[in-house]
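A.B. asks: To start, I am sharing the structure in question, which I have written as structure tokens.
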Amino acid sequence: MTVQTQSRDKTRTFREMDKRYTWHPFTQMKEWAREDVVVIERGEGVWLFDTDGKKYLDGVSSLWCNVHGHRVPEIDEAINRQLGAVAHSTFLGLSHRPAIELSEKLAALAPGKLSRVFYSDSGSEGVEIALKMAFQFWAQSGRPEKNRFARLKLAYHGDTVGAVSVGGIELFHDIYKPLLFKTFEAPSPYVYRWPTSSDPQTVCAEAAGEIENIFRKHRGEIAAFIIEPLMQGAAGMIAHPRGFLKRAAELTKQYGILLICDEVATGFGRTGTMFACEQEEVNPDIMVLAKGLTGGYLPLAATLATEEIFRAFWADYSECKTFFHGHTYTANPLACSAAIASLGLFEKNQVLKNLRLKIERLRRGLEKFYELPIVGDVRQAGTMVGIELVKDRGHKTPFAWEEKIGVRVIERARKKGAILRPLGPVIVLMPPLVMENTELDDLLSITYDSIRETGAGH
Ligand SMILES: Cc1ncc(COP(=O)(O)O)c(C=O)c1O
């Protein structure tokens, strides 16, 4: 039997077993059952290899989390070293070196006065923690009536029930409405589809004005305003106009509302700076990190809070002001070790400095996409890119959901050797920060050709 036949058999077996036993996230399994599922066997740098040996560019950083590539010796080694010590011991009632060291590093890196680090396992949990912290902060500061949240339309903060409550994507969230708590919704400054203007600064002012209306009317009820800084990712990569984050942050201060920056997607260099909120000199009261925290290796999230928030929980035991929250794997030592190694690589390899030219290369490469008639809008914040496809550019007419335009584009891209994942009609690119120029050019040309060929039938 040849090596090729062996690997084809292996792939067939895995595919059958996958379809028989697994249930994939955000996936209509009836469709999945018809697909030739790609089974990934290994990774190397910015490449993923399937069980047939075919290689693909990891064009969305393994769902927006990979930073330095796959099989990075320094991170592999840090995890192996920790494995030689202990894989897991609880953070409830005990502590350990990797979490202590990582907390010190995160507190030093974080903007403003964020000084306390609370760990969990995913971005959604990090958001739940932020919401519960903000709620309890006010309850324990003599303002229990400040117990509601404000958010943007089309917001996405994760899939647990609290995170879905502060979400605003109908397709994902509507079915769960009876389970959710009510929030105040302000419009998202979606320049391409703003009804009254296409001038970013006008959109910025009008959207911020709506936030202020909500704050003015409900300031006494609102605990916190939660936002994805600079770029609303899952909504379809909606890049906010310059100054919007700053204005929203000023309004939270003015109206005595806590600001939660959800940097789960934008953190760790994705927008060109370590954290997106740095670009508008915004200092949140609470910041949520996950995805790139471990370089994309292991599940870990961190919710950072200011000392002021922390102090509202500081009391005699009998007062029961403890933050009653924790998970079995809180601050897992392997994940914390990976995170420390990843942060070390940012410094050692001057990742952020080297990124500037790549972001510019990406920007220039994307200009060409407007040649394609189905490309309506191209949005970018650093290495986060959304290409919105439309049926009729003049009228910005969206494709019907059933046309699966995004899915069809990424299927073509996959055949050409790049893994992408669409958000409805928006093609997302989010390469690992270390992608080389030639790889970046390949990713752009595969995406361009895939959109062109798919669009040719319209
Ligand atoms: C802004 C934002 N917040 C929270 C989450 C949820 O993170 P996780 O998937 O790790 O639960 C995501 C995931 O994409 C996100 O983009």
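A.B. asks: Would you confirm whether or not region 330-343 contains a residue that is farther than 20 Å from residue 86 by Cα and part of a helix (DSSP H, G or I)?
C.D. replies: We begin by selecting, within region 330-343, every residue farther than 20 Å from residue 86 by Cα; these are 343.
Now narrow it down to the ones that are part of a helix (DSSP H, G or I): 343.
Yes, some residue in region 330-343 is farther than 20 Å from residue 86 by Cα and part of a helix (DSSP H, G or I).
A.B. asks: May I ask you to say which residue of 41, 35, 74, 31 is charged (D, E, K, R) and touching a strand residue (DSSP E or B) at 6+ places or on another chain (Cβ under 9 Å)? Walk me through it before giving the result.
C.D. replies: On the way: 35 fails: touching a strand residue (DSSP E or B) at 6+ places or on another chain (Cβ under 9 Å); 74 fails: touching a strand residue (DSSP E or B) at 6+ places or on another chain (Cβ under 9 Å); 31 fails: touching a strand residue (DSSP E or B) at 6+ places or on another chain (Cβ under 9 Å).
Answer to the selection: 41.
A.B. asks: Would you check if there is a residue in region 158-165 being within 13 Å of the ligand (Cβ to nearest atom) and in contact with a strand residue (DSSP E or B) (Cβ under 6 Å, 6 or more places away or on another chain)?
C.D. replies: no
A.B. asks: Here's another thing I want to ask about it. Can you name the residue in region 27-39 that is loosely packed, with under 14 Cβ neighbours inside 10 Å and in contact (Cβ under 8 Å) with a residue 12 or more places away in the chain and, of all such residues, is nearest to residue 411 (Cα to Cα)? Explain how you work it out, then say what you get.
C.D. replies: Let us first name the residues in region 27-39 that are loosely packed, with under 14 Cβ neighbours inside 10 Å, namely 27-31, 33-36.
Cutting the leftovers down to in contact (Cβ under 8 Å) with a residue 12 or more places away in the chain gives us 33, 36.
On the way: 33: 15, 36: 11 Å.
The qualifying residue nearest to residue 411 (Cα to Cα) is 36.
A.B. asks: Across region 76-106, what is the number of residues that are part of a helix (DSSP H, G or I) and over 16 Å from residue 346 (Cβ atoms)? Even if it seems obvious, please write down each step before you answer.
C.D. replies: Restricting attention to region 76-106, the residues satisfying the condition of being part of a helix (DSSP H, G or I) are 76-83, 97-106.
Retained after the next criterion (residues that are over 16 Å from residue 346 (Cβ atoms)): 76-77, 79-83, 97-100, 103.
Residues meeting the conditions: 12.
A.B. asks: Provide a single number: the residues in region 166-179 that are within 16 Å of the ligand (Cβ to nearest atom) and not hydroxyl-bearing (Ser, Thr, Tyr). Walk me through how you get there before you give the answer.
C.D. replies: Kept after step one, since they are within 16 Å of the ligand (Cβ to nearest atom), are these residues of region 166-179: 166-169, 171-173, 176.
The next check asks that each one be not hydroxyl-bearing (Ser, Thr, Tyr); those that pass are 166-169, 171-173.
So the count comes out to 7.
A.B. asks: Please pick out the residue among 248, 315 that is away from the ligand (no atom under 11 Å from the Cβ), under 27 Å from residue 107 (Cβ atoms) and crowded, with 24+ Cβ neighbours inside 10 Å. Break it down into steps so the answer makes sense when it comes.
C.D. replies: Details: 315 fails: crowded, with 24+ Cβ neighbours inside 10 Å.
Only one candidate passes the filter, namely 248.
A.B. asks: Please tell me if residue 8 is away from the ligand (no atom under 16 Å from the Cβ) and either at pLDDT 95 or above or outside any helix (DSSP H, G or I) (or both). It would help to see each step written out before you state the result.
C.D. replies: On the way: away from the ligand (no atom under 16 Å from the Cβ): yes; either at pLDDT 95 or above or outside any helix (DSSP H, G or I) (or both): no.
Criteria not met by residue 8.
A.B. asks: Give, as residue ranges, the helices (runs of 4 or more DSSP H) completely inside region 344-458 that count at least 1 residues that are acidic (Asp, Glu) and touching a residue at least 12 places away in the same chain (Cβ under 8 Å).
C.D. replies: On the way: elements: 351-367, 405-416, 437-455.
Counting at least 1 such residues, we get 437-455.
A.B. asks: Could I ask something else about it? Can you name the residue in region 251-279 that is of a type in the set (Ser, Thr, Tyr) and in a loop (DSSP other than H, G, I, E, B) and, of all such residues, is surrounded by the most Cβ atoms within 10 Å (Cβ to Cβ)?
C.D. replies: So the first thing to find is which residues in region 251-279 are of a type in the set (Ser, Thr, Tyr), and the list is 252, 255, 266, 271, 273.
Retained after the next criterion (residues that are in a loop (DSSP other than H, G, I, E, B)): 255, 266, 271, 273.
Working: 255: 18, 266: 29, 271: 26, 273: 18.
Step by step, filter region 251-279, then rank; the result is 266.
A.B. asks: Let me ask something else about it. How many residues, within region 411-420, are more than 14 Å from residue 455 (Cβ to Cβ) and surrounded by 18 or more Cβ atoms within 10 Å (Cβ to Cβ)?
C.D. replies: Residues meeting the conditions: 4.
A.B. asks: Pick from region 289-312 the residues that are in a helix (DSSP H, G or I) and more than 17 Å from residue 263 (Cα to Cα): which of them is nearest to the ligand (Cβ to nearest atom)? Outline the logic, then answer.
C.D. replies: In the first step, residues of region 289-312 are kept if they are in a helix (DSSP H, G or I); the result is 291-294, 307-311.
In the following step, the residues that additionally are more than 17 Å from residue 263 (Cα to Cα) were identified as 307-311.
Values: 307: 24, 308: 24, 309: 20, 310: 22, 311: 27 Å.
So the residue we want is 309.
A.B. asks: While we're on this one: Could you say which residue among 34, 42, 8 is out of contact with any Pro (no Cβ under 6 Å at 6 or more places or on another chain) and within 24 Å of residue 172 (Cα to Cα)?
C.D. replies: On the way: 42 fails: within 24 Å of residue 172 (Cα to Cα); 8 fails: within 24 Å of residue 172 (Cα to Cα).
Sole residue among the options that is out of contact with any Pro (no Cβ under 6 Å at 6 or more places or on another chain) and within 24 Å of residue 172 (Cα to Cα): 34.
A.B. asks: Can you find a residue in region 280-288 that is in the same structural domain as residue 341 (by TED's automatic domain parsing), touching a Ser or Thr at 6+ places or on another chain (Cβ under 7 Å), farther than 24 Å from residue 64 by Cα and more than 16 Å from the ligand (Cβ to nearest atom)? Talk me through it step by step, then tell me what you get.
C.D. replies: Taking region 280-288 first, the residues in the same structural domain as residue 341 (by TED's automatic domain parsing) are 280-288.
Remaining after also requiring touching a Ser or Thr at 6+ places or on another chain (Cβ under 7 Å): 285-286, 288.
Imposing the further condition that a residue be farther than 24 Å from residue 64 by Cα reduces the set to 285.
Right, trim to more than 16 Å from the ligand (Cβ to nearest atom) and you get 285.
Yes, some residue in region 280-288 is in the same structural domain as residue 341 (by TED's automatic domain parsing), touching a Ser or Thr at 6+ places or on another chain (Cβ under 7 Å), farther than 24 Å from residue 64 by Cα and more than 16 Å from the ligand (Cβ to nearest atom).
A.B. asks: Filter region 109-147 down to the residues that are of a type in the set (Gly, Ala, Ser) and within 16 Å of the ligand (Cβ to nearest atom), then identify the one that is farthest from the chain's Cα centre (by Cα). Give the steps one after another, and end with the answer.
C.D. replies: We begin by selecting, within region 109-147, every residue of a type in the set (Gly, Ala, Ser); these are 110, 112, 115, 120, 122-124, 126, 130, 134, 139, 141-142.
Going one step further and asking which of them are within 16 Å of the ligand (Cβ to nearest atom), we end up with 120, 122-124, 126, 130, 134.
Details: 120: 16, 122: 11, 123: 8, 124: 10, 126: 12, 130: 16, 134: 21 Å.
Taking the candidates together, the pick is 134.
A.B. asks: Could you please give the count of residues in region 126-146 that are of a type in the set (S, T, N, Q), surrounded by 16 or more Cβ atoms within 10 Å (Cβ to Cβ) and assigned to a loop (DSSP other than H, G, I, E, B)? Reasoning before the result, please.
C.D. replies: Within region 126-146, the first condition is being of a type in the set (S, T, N, Q), and the residues that meet it are 136, 140-141.
So of that shortlist, the ones also surrounded by 16 or more Cβ atoms within 10 Å (Cβ to Cβ) come out as 136, 140.
Now narrow it down to the ones that are assigned to a loop (DSSP other than H, G, I, E, B): 140.
Residues meeting the conditions: 1.
A.B. asks: Picking from 212, 263, which residue would you name as being assigned by TED's automatic domain parsing to the domain that holds residue 309, without any contact (Cβ under 8 Å) to a residue 60 or more places away in the chain and within 16 Å of the ligand (Cβ to nearest atom)?
C.D. replies: Details: 212 fails: within 16 Å of the ligand (Cβ to nearest atom).
Selected residue: 263, the only one of 212, 263 that is assigned by TED's automatic domain parsing to the domain that holds residue 309, without any contact (Cβ under 8 Å) to a residue 60 or more places away in the chain and within 16 Å of the ligand (Cβ to nearest atom).
The values are calculated or read from the model by the stated rules, or taken from the named source; none is laboratory data. None of the values given here were measured: they were computed from a predicted structure. When we count neighbours, we look across all protein chains shown, and the Cβ atoms used for this are built from the backbone with ideal geometry, even at glycine.
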